[in-house]
Amino acid sequence: MLAYTYIAKGDFQLREKPRPTLQSSRDAIVRVTLSSICTSDLHIKHGSVPRAVPGITVGHEMVGVVEEIGADVASLRPGDRVAVNVETFCGSCFFCRHGWVNNCTDPDGGWALGCRIDGGQAEYVRVPYADQGLTKIPSGVTDRQALFAGDILATGYWAADLAEVQPGDTVLLLGAGPTGICTLQSLLLKEPGAVIVCEKDSQRRAFVERRYPQVTAVGPEEVREAVAARSRHGGADAVVEAAGVPETFRLAWECARPNSVVVVVALYDEAQVLPLPEMYGKNLTFKTGGVDGCRCGEILEHIAAGRLDTTPLITHTYPLSRIQDAYDLFEQRRDGVIKVAITPDR
Ligand SMILES: [Zn+2]
Ligand SMILES: [Zn+2]
């Protein structure tokens, strides 16, 4: 089968590989019917994910059809349409029992697919702990609707929860990239009173204004004023930082009102500074980290009910045989690309 493969830093290639086979009684083999490229794939390509293993098939955002299951897989049958979770988790360790699946202590726990073990930019993928890592797609939900449920939408949904938004709150979201938009949709489910989205790219701001007219989209130079004008208590009631540069890290806590929650889901290229003397007395709560992706079922229910819709993020579609072109487009952010979907060739 064809599999897009991490060869070395800066070098991904489409290779012919054997189809994956079951390695454990809790595995499933999934025929990939739609996959996508994530910014994290580019991080691997650029050599900034040290645990990524050369030779693996990349890709961790995909949906497909179950082809084969191990003897101990209980919740799935061959033929089931499934969303694949970015995270592999055992479901029984201390962290999994608390829902903190990103810290699952299993050797394959956390982000393994397309990083430490073969992922889904291929015709087939082996998914360990299939009962945990796969979620059946409701019958009315298409592959394109479900594509991001296990990764960027899971991240946005989780981030919106961490922010502890109450109905009527003023919320600041920094960053309107793909994960930012998924976070925005999840924040809107909480019925905030006002949402301000800060994004420096004017095309992305225009996308937000067009799709979410109830939201105020501003550039970084206007954000302090925009938040102040819409806040009753000297700042945003909740802040989510999904942009990942020093300027947005600073804006996140500066624009937060005292005693609010600042959620940091962005990935940074370098360490950030928390100037504690400057923020002394603001009594902020910071929450950080990577998604605990174990609520895919809930997310798919929201999609089925029309409350979440990430299909507008898919701006381009390429067959697997042309995935190199898709990467070039995505990496260089040409042609207004937000997300690229990859379809099988046959
Ligand atoms: Zn990802
Ligand atoms: Zn676990």
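Read-outs throughout are calculated quantities, based only on the coordinates presented, and are distinct from any laboratory measurement. Keep in mind it's a predicted model, so treat the numbers as computed, not measured. So basically every Cβ, Gly included, is an ideal-geometry build from the backbone, and we count neighbours across all protein chains shown.
Roughly how many whole Å is it from the C-alpha centroid of the range 90-128 to that of the range 323-346?
Going from one Cα centre to the other spans 25 Å.
Provide the packing ranking of 138-149, 156-167, 82-93, i.e. peptides ordered by the mean count of other C-beta atoms within 10 Å per residue, highest first.
Working: 138-149: 19.8, 156-167: 21.3, 82-93: 23.4.
For the peptides 138-149, 156-167, 82-93, the packing ranking is 82-93, 156-167, 138-149.
Counting other Cβ atoms within 10 Å of each Cβ, which trypsin sites (Lys or Arg not before Pro) in the range 20-60 have at most 15 and sit in a DSSP loop?
Sparse-neighbourhood loop trypsin sites (Lys or Arg not before Pro): Arg51.
If you scale each eigenvalue of the Cα gyration tensor by 5 and take the root, what three semi-axes come out for the range 154-288, rounded to whole angstrom and sorted largest first? Before the final figure, lay out each step's value.
Working: eigenvalues 79, 54, 42 Å².
In descending order, the three semi-axes are 20, 16, 14 Å.
Name the residues whose placed amide hydrogens come within less than 5 Å of the amide hydrogen of Ala236, ignoring near sequence neighbours (fewer than 5 apart) on the same chain.
Ala256, Arg257
Taking H as built 1.01 Å from N, whose amide H comes closer than 5 Å to the amide H of Thr5, not counting residues under 5 places away?
The list, which skips near neighbours in sequence, is Gln13, Leu14, Arg15, Val58.
I'd like the Karplus ³J(HN,Hα) series for the range 41-51: coefficients 6.51, -1.76, 1.60, θ = phi - 60°, whole numbers in Hz, and an x wherever there's a Gly or Pro.
4, 5, 4, 5, 4, 7, x, 9, 10, x, 7
Divide the volume of the convex hull of the Cα atoms of the range 27-117 by its number of residues and quote the answer in cubic angstrom per residue.
110
Working from the pairwise distances between different alpha carbons, so that the mean of 1/r is found and then inverted, what is the chain's Kirkwood radius in Å?
20.6
Of Ser25, Pro246, Val340, which is farthest towards the positive pole of the chain's charge dipole, taken about the Cα centre with +1 and -1 on the beta-carbons of Lys, Arg and Asp, Glu respectively?
Val340
Beyond 22 Å between alpha-carbons counts as too far, so tell me which of Lys17/Lys45; Lys17/Lys339; Lys45/Lys200 fall in that bin.
Working: Lys17/Lys45 20 Å; Lys17/Lys339 26 Å; Lys45/Lys200 25 Å.
Cα-Cα > 22 Å for Lys17/Lys339; Lys45/Lys200; rest within.
If you build the Cα gyration tensor of the range 261-326 and take the root of 5 times each eigenvalue, what three semi-axes come out, in whole angstrom, biggest first? Working shown, then result.
Values: eigenvalues 254, 89, 23 Å².
One finds semi-axes of 36, 21, 11 Å for the range 261-326.
In nm, to one decimal, how far is the Asp335 label point from the Trp100 one, both placed 7 Å along Cα→Cβ?
4.4
Please report the orientation-averaged projected area of the range 38-178, defined via the convex hull of its C-alpha atoms, in nm².
10.5
Cα centroid distance between the range 223-265 and the range 144-216, in Å?
Spelled out, the Cα-based centre of one part sits 14 Å from the other.
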